[in-house]
1. Which of 46, 164, 87 sits farthest toward the positive end of the charge dipole of the chain, with +1 on the Cβ of Lys and Arg and -1 on the Cβ of Asp and Glu?
2. If you compute Cα extents along the principal axes in Å for the structure shown, which of (1) 51, 30, 29; (2) 47, 43, 29; (3) 118, 36, 26 do you land on?
3. Angle, helix 106-115 long axis vs. longest principal axis of the chain, Cα atoms, 0 to 90°, nearest 10?
4. Please determine, in degrees from 0 to 90 and to the nearest 10, the orientation of helix 20-73 with respect to the longest principal axis defined by the Cα atoms of the chain, where the helix direction is its Cα long axis.
5. Report the local net charge at residue 101: Lys and Arg +1, Asp and Glu -1, summed over other residues whose C-beta lies under 13 Å from its C-beta.
6. At 222 nm, what helix-only mean residue ellipticity would the chain give, in deg cm²/dmol to the nearest 500, using -39500 (n - 2.57) for each DSSP H run of four or more?
7. To the nearest 20 debye, what charge dipole does the chain have about its Cα centre, counting +1 at the Cβ of each Lys and Arg and -1 at the Cβ of each Asp and Glu?
8. Pairing the Cα long axis of helix 2-16 with the longest principal axis of the chain, what angle in degrees results, from 0 to 90 and rounded to the nearest 10?
Amino acid sequence: MKRIGMQTSARVRRSGQEGFFLIEALIALLIFSLGILGMVGMGGAAIAAQSDAQYRTEAAGWANEIATQIALNVDRSNLATSLPEFAHQPIDGGYCTFGGSASAQAVVTDWVDKVRGAVPGVAGLPGASDVSQQIQVDVSAAGHNKVTVTICWQPPSASAIAFAPMRRHTLITYVN
């Protein structure tokens, strides 16, 4: 009789654990799925950060290019009158919105076209426009012939977000 009672209690214990493995498997699958989704999200964020870094590097290159062109093409015999000719939309109209007259210097107009991607074979910066590039020139005694180049662009990853701020790179140099 003891033996029958033991078999009955073993069956009772086993029947209380039925289906527990299925719950464990489902929980493990849920945790695994969340981990995979997290990794996919991190990959997307890493790609966006890499693209943003690439555009920042390109903007620094564009700013350096125009600063070099200004330094090479300015008339050093009369900086006070020749340097301001390179000013392009020198009035701040808000974040990455500039006003004032555009430069008539071919070096500057060609540079603006390159930055905004209007030159065949030159990619330019995404979202860059004529009004999002600025060159300010300060030839006053306190300014010491300071040239400030500001480049703004809108990366593709931010264009899907409503009211995403434009990216901005500013270079300050002195021409003597």
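1. 46
2. Calculated Cα extents along the principal axes in Å: the matching label is (3).
3. Orientation of helix 106-115: about 10 degrees from the principal axis.
4. 10 degrees
5. Details: positive: none; negative: 85, 130.
Counting the neighbours of residue 101, the net charge comes to -2.
6. Values: 5 runs with 87 residues, N = 176.
Calculated at 222 nm, the ellipticity per residue is -16500 deg cm²/dmol.
7. Working: 12 positive and 12 negative charges, 332 e Å.
Charge dipole of the chain: 1600 debye, to the nearest 20.
8. For 2-16 against the chain, the angle is about 20 degrees.
FYI, it's all coordinate maths here, none of it is from the lab. This structure is a prediction, so every number in the text was calculated from the model and none was measured. Glycine gets a Cβ as well: all are built from the backbone with ideal geometry, and neighbour counts include every protein chain shown.
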